[in-house]
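Right, one structure below, let's go through it.
The values are calculated or read from the model by the stated rules, or taken from the named source; none is laboratory data. Small disclaimer: the values here were computed from a predicted structure and weren't measured. Reconstructed Cβ throughout: ideal geometry from the backbone, glycine too, with neighbour counts over all protein chains shown.
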Amino acid sequence: MNRGANGNFLAYIGHFNIDIVLRVEKLIDLVSTPVNAVKEQFGGTAGNFSLVASFLDFPFEPVSIISEQSHSGYIRELQKRGINTELIKIVQDSFGPSCYAVTDGSAQKYFMANGPMESEDYRETDKAYDIIHSSTGIPEKNLSFIESTSHKKVTFDPGQEAGSKYNSSHIKKFIEISDMVISNEHEIGIIQEKSGMNLDDLNSSGIDVVVTRGEKGTTIHRNGKTTKIHGIEADSIQDTIGAGDSFRAGFYSGLFHTNDTEFAALCGNIVASHALRDGVFGFHTGWSEIETKAKELKGTYITRL
């Protein structure tokens with residue numbers, strides 16, 4: 001793929017969360033519910049993406065805001081992995097962002113504390129990027145970063161926040177400036193409803209739509225045509241948290257190395273299956289292994305409908 005004016009491929013906006021996962025016997029609405037297990041882990045859309053992408057041999061810069069009080073260990077892990085933290089603003093007088101997840105193994109409830117993401121603005125940069133990926137965050141602040149930063153393309157990916165933080169005006173504005181949308185089936189339905197545009201409308205306006213469908217794979221709607229990228233079954237499942245962010249890491253590694261959207265999506269499916277098996281934090285698979293597997297499968301796993 002053509003590189004940015006200064007060799008900068010991707011700026012990735014999103015959260016670096018400290019996730020506190022509470023395991024309960026059954027998720028019910030009681031004032032007091034016994035907790036069977038507590039686990040703290042590194043998470044967030046940009047965080048999960050970065051932890052996986054650090055092994056996939058392509059340049060990216062996460063864009064976020066975190067507190068040193070809560071994230072000192074996270075910062076050390078990012079530095080240990082050689083992740084560029086230049087556009088991660090680190091503040092002293094706040095706490096978070098943090099996500100409190102309560103799960104019984106089949107259902108979950110999430111409680112999100114944005115911390116400094118709510119009160120601070122992203123760092124400014126004079127770099128030029130091939131792609132700015134707008135994931136979770138405050139819609140107005142994500143837009144402001146995009147508008148003030150030189151770039152060639154924008155990917156819109158509001159994730160689970162599509163139905164909560166984004167109103168119709170937000171969605172329409174992002175559609176106007178985007179070249180690609182990545183969402184799961186539920187989220188793309190929300191985007192269509194709030195924008196008043198169906199998949200054909202989005203394609204006609206020049207937007208490629210990548211719909212992630214879990215174990216069923218990925219569907220790409222591009223130039224009025226649909227391509228199915230078959231899912232890759234994980235050998236075993238250690239953790240489903242971050243699988244979608246892992247897909248995006250694999251997708252961009254494939255896009256960087258080949259400039260082929262369909263092949264990139266296949267790489268994303270492969271990376272997601274490895275992340276399901278190993279967990280995001282345990283993912284250690286390099287790009288060469290992902291590329292080799294994708295080349296073996298592309299003849300049968302990419303189907304133009």
message = Being among the hydrophobic types (A, V, I, L, M, F, W, C), modelled with pLDDT of 95 or more and either crowded, with 24+ Cβ neighbours inside 10 Å or touching a Pro at 6+ places or on another chain (Cβ under 6 Å) (or both): is that true of F60 here?
response = yes
key: When residues of segment 277-294 are limited to those that are over 19 Å from G231 (Cβ atoms) and part of a loop (DSSP other than H, G, I, E, B), the one nearest to the chain's Cα centre (by Cα)   = F281
The one condition in (1) of a type outside the set (D, E, K, R); (2) touching a His at 6+ places or on another chain (Cβ under 9 Å); (3) surrounded by 20 or more Cβ atoms within 10 Å (Cβ to Cβ) that A128 fails to fulfil = (3)
ask   = In segment 62-70, is there at least one residue being in contact with a Leu (Cβ under 7 Å, 6 or more places away or on another chain) and assigned to a strand (DSSP E or B)?
value = yes
ask   = What residue, of S253, S246, S236, is of a type in the set (S, T, N, Q) and over 25 Å from A11 (Cα atoms)?
value = S236
request  = State yes or no: is E86 over 20 Å from G282 (Cα atoms), crowded, with 19+ Cβ neighbours inside 10 Å and outside the structural domain of F251 (by TED's automatic domain parsing)?
outcome  = no
ask   = In the list I190, I182, which residue meets the criterion of being crowded, with 20+ Cβ neighbours inside 10 Å, among the β-branched types (V, I, T), under 23 Å from G137 (Cα atoms) and touching a residue at least 24 places away in the same chain (Cβ under 8 Å)?
value = I182
inquiry  = For segment 130-166, give me the residue count where each residue is among the hydroxyl-bearing types (S, T, Y) and closer than 20 Å to N48 by Cβ.
reply    = 5
remark   = Output for Cβ contacts, cut-off 8 Å, separation at least six or different chains, first residue without any contact (Cβ under 8 Å) to a residue 60 or more places away in the chain in segment 127-140, second part of a loop (DSSP other than H, G, I, E, B), reads I138/N114; I138/K165; P139/P158; P139/K165; P139/Y166
inquiry  = On the basis of being part of a loop (DSSP other than H, G, I, E, B) and either touching a residue at least 12 places away in the same chain (Cβ under 8 Å) or not assigned by TED's automatic domain parsing to the domain that holds S50 (or both), does D121 make the cut?
reply    = yes
